[in-house]
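Student: The structure that follows is given in the form of structure tokens.
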Amino acid sequence: MPSLLQSQLSDLLASGFGAVDLLDTLLQSQPSLVSVVDEQGQVLLFSPNHRMLSGVSEEPEPIQHIDALFPPFIRQRFSAPLHELVLQEDLTRWEMSVQHRDGQVHLYDVQHWVFEGEGQRWVLTAASDVSGQRRAQNETQLEQKSQLNYLSFHDPLTGLANRSLFYDRAHKSLSRSKRHQSSIALLLIDLDRFKNINDSLGHDAGDYFLKQIAQRLGDALRDTDTVARLGGDEFVVILENIAQAEDIVSITEKLLSNLSKPIDVSGHEVACTASIGVALYPKDGDSIDQLLKHADLAMYKAKAQGKNRTQFYVQAMTDTAVNYLLLENDLRKAIDNGDLCLHFQPQVDLQSRLIAGVEALVRWEHPERGMISPGEFIPLAEETGLIEPLGDWVLLEACQRFQAWMSQGIHLGKVAVNLSSRQFRQEHFEQTIVKTLLQSRLSPEYLELELTESTAMENAAETIELLNAFANMGVSLAIDDFGTGYSSLAYLKRFPINKLKIDRSFIHDIDTNEADAAIAKSIIDLAHNMTLQVIAEGVERMNQAQWLMDHHCDQVQGFYYSRPLTEAALLELVRNPQRMVVSSSGVRLLV
Ligand code: C2E
Ligand code: MG
Ligand code: MG
């Protein structure tokens, strides 16, 4: 069946349209080189453009043989005459580069078609100049290659140098400084609580925030300084030619203040501070890895000291870090070997004098170092994740002890257990509580969970959900160290809590310091207005106890009443008729 074009052509020719004129015009207007040869290689037709290739003169003169259409170096490429190869169908398409008479080299895409008719065969050849097209392709490839190259050295999100480029530049800086005997400073910058932004506003918002931060970093530094993103919310800066440490202080102060300004993230004003660790060459190390390691330790110290600050590296940090590592190992073993124990500190109701509860406080008797305070190993356990097995153990042990005392007829109100932030937010923590209660057979109303104010407010919306789950089980909740963190009263109101524990720092001088007294008084009023109970911790003297009594504090806890005690000591105290009155309503402490 003829194609549409064929039937159009037949119609056109039948209407008397000049076929010769038509072909002539078509060939003249063709940018491609077109030729037709017969089986013997005789050229029957060629388009005028062929002259550029063949080198034949401008003057039209017939070209006799196909060989004459192609320059000699092209002909030499083929084992047989071109038309023969084409007719044997070995060759239908190929490329050739040809130098034009103007000296430029062009690339041609050559195609052959074989036509048959009346015992004869012809080869139609069309060659088109694809130089421009190929150049464009090459350029795109080059562009892609340079893009790839760019990506392998830059952070795709912020456009800052990535780790590889950072190392490259850092090594160069270091060599320069070694040659010129100058100093460099390596700054490790980590955003404080960036995770909150990601968690509360989503990853897109987090990404946008990081981009803005990267821009601010760049703006605050000289073009010659290297800024790189090492990953997540961690950035590194290299400052060369540092004359004196004060110069670094003014730079880091500028950085801290620039970084902490709020950023508008889809209509929310979001601010995030940063912690900076600084290590100096040559003082703190003579390799990039060592400087990085030391800046990292300093940065951690900056975080531990309250964040939003700069910390310079000092040798003692390495010593502490090594200690920390040893301690971590030991703690792991202590948990496995059961070398931890619990002490219990009574909480006393000020009106009835009854023991209203005991707080379980974990202790670690280290074989060489002696007693290590929880203040030292709880943060370590938090950081390393050991808090999960440790916390689970404390919880179960506390519930089991308390249940055992009850079965001996000793009623000490409730057992309070401290929760650390990571423990509280671990997955399935709710199930852990249920499992612990079942395993210890302790009824939920005897368990009180203590959460510090900062833990509770860390992700307040999530806290409400978790606390509701505990409250629904019938477990009591207390906010520990109240007054030391930042409480949102809006959230506090929504937490299903039972008790506020006034931090012992306010109790210490409560009878002499007006400000402390005013704070304690306000906390007592706040608790009562919210129908919460209030307990004062760290009561060491009679005057403090008297003040608290006068100001209607509900409960007290502290050395004045009793130190934290081993189980044996607690039971001895309870059974000591000089100190205790055990009645059907509970255990009354005599002070
Ligand atoms: P906390 O929960 O505020 O516990 C009260 C701390 O105050 C205890 O220190 C206790 O010994 C101490 N203390 C009690 N009365 C007085 C007093 O009259 N004067 C003074 N100066 N101190 C008093 P401890 O046992 O060293 O515990 C320190 C912190 O470690 C606790 O503070 C708590 O946050 C944490 N902690 C203790 N045990 C655990 C635990 O099992 N799990 C978790 N996550 N944290 C725990
Ligand atoms: Mg506590
Ligand atoms: Mg406390």
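Student: Sort out for me the Cα centre separation of segment 292-354 from segment 141-167, rounded to whole Å.
Tutor: Going from one Cα centre to the other spans 40 Å.
Student: Evaluate E = 1/(1 + (r/R0)^6) for Met473 and Leu325, where r is the Cβ-Cβ distance and R0 equals 60 Å; express this FRET efficiency to the nearest 0.05.
Tutor: Computed FRET efficiency for Met473 and Leu325: 0.95.
Student: Determine the gain in length on full extension of the stretch Ala460-Asp11; use 0.36 nm per residue of separation and subtract their C-alpha separation, reporting nm with one decimal.
Tutor: 153.3 nm
Student: Can you give me the angle between helix 131-153 and the longest principal axis of the chain, using Cα atoms only, in degrees from 0 to 90, rounded to the nearest 10?
Tutor: Once rounded, one gets 20 degrees.
Student: Placing +1 at every Lys and Arg Cβ and -1 at every Asp and Glu Cβ, with all other atoms neutral, what dipole size does segment 3-133 have around its Cα centre, in debye to the nearest 20?
Tutor: With only Lys, Arg, Asp and Glu charged at Cβ, the dipole is about 300 debye.
Student: Calculated FRET efficiency, Ser522 and Lys307, Cβ-Cβ r, R0 25 Å, to nearest 0.05? Let's see the in-between values first.
Tutor: Values: r = 27 Å, r/R0 = 1.07.
Once the sixth-power term is evaluated, E becomes 0.40.
Student: Can you give me the angle between helix 374-384 and the longest principal axis of the chain, using Cα atoms only, in degrees from 0 to 90, rounded to the nearest 10?
Tutor: That helix lies at roughly 20 degrees to the long axis.
Student: Moving on. Please state the relative contact order of segment 126-228 as a whole percent: Cα pairs under 8 Å, 6+ residues apart?
Tutor: The value is 30 percent.
Student: At Asn543 and Leu201, where each label point lies 7 Å from the Cα along Cα→Cβ, what is the point-to-point distance in nanometres?
Tutor: Distance between label points: 5.0 nm.
Student: Another one. Using DSSP to define loop residues, name the GluC sites (Glu not before Pro) in segment 314-413 whose beta-carbon has at most 15 other beta-carbon atoms within 10 Å.
Tutor: Glu368
Student: Report, in deg cm²/dmol and to the nearest 500, the calculated mean residue ellipticity at 222 nm for the chain, where each DSSP H run with n ≥ 4 adds -39500 (n - 2.57) and the sum is divided by the residue count.
Tutor: -14500 deg cm²/dmol
Student: Next up: If the reach is capped at under 28 angstrom between alpha carbons, list the lysines near Lys414, excluding any in the same chain fewer than eight residues apart.
Tutor: Lys435, Lys493, Lys499, Lys501, Lys521
Student: Next question, about the same structure. How much length, in nm to one decimal, is gained on full extension between Met96 and Asp219, taken as 0.36 nm per residue of separation minus their Cα-Cα distance?
Tutor: 39.0 nm
Student: How far, in degrees from 0 to 90, does helix 429-440 lean away from the longest principal axis of the Cα atoms of the chain, to the nearest 10?
Tutor: 40 degrees
Student: Residues of segment 179-206 with amide nitrogen under 20 Å from the 7 Å Cα-to-Cβ point of Ala271?
Tutor: 190-201, 206
Student: If you don't mind, there's one more thing I want to ask. Hey, with R₀ at 22 Å, roughly what FRET efficiency would Cys341 and Phe559 work out to, going by the Cβ-Cβ distance, to 0.05?
Tutor: Calculated value: 0.65.
Student: Continuing with this model, one more query. Full-extension gain between Thr25 and Leu45, please, as 0.36 nm times their residue separation minus the C-alpha to C-alpha distance.
Tutor: Difference between extended and current length: 5.9 nm.
Student: Please compute P(r) over all alpha-carbon pairs of segment 152-219, binned at 5 Å starting from zero, and give each bin as a whole-number percent.
Tutor: 4, 14, 17, 20, 17, 12, 8, 5, 3, 1
Student: Could you please state, rounded to a whole Å, how far the C-alpha centre of segment 247-287 is from the C-alpha centre of segment 388-418?
Tutor: Taking the Cα centre of segment 388-418 as reference, the centre of segment 247-287 is 45 Å away.
Student: Something else: Can you work out the Karplus-derived ³J(HN,Hα) for every residue in segment 253-267? Use 6.51 cos²θ - 1.76 cosθ + 1.60 with θ = phi - 60°, whole Hz, and x for glycine or proline.
Tutor: Computed from phi, the couplings for segment 253-267 are 5, 4, 4, 4, 6, 4, 5, 8, 5, x, 10, 7, 10, 5, x Hz.
Student: Averaging over all projection directions, find the projected area of the Cα convex hull of segment 214-345 and quote it in nm² with one decimal place.
Tutor: Across all orientations, segment 214-345 yields a mean hull projection of 12.5 nm².
Quick note: the coordinates plus some simple rules give every number you see, no bench work behind them. For clarity, every value in this text was computed on a predicted model and none was experimentally measured. Note that each Cβ is placed from the backbone with ideal geometry, even for glycine, and that neighbours are counted across all protein chains shown.
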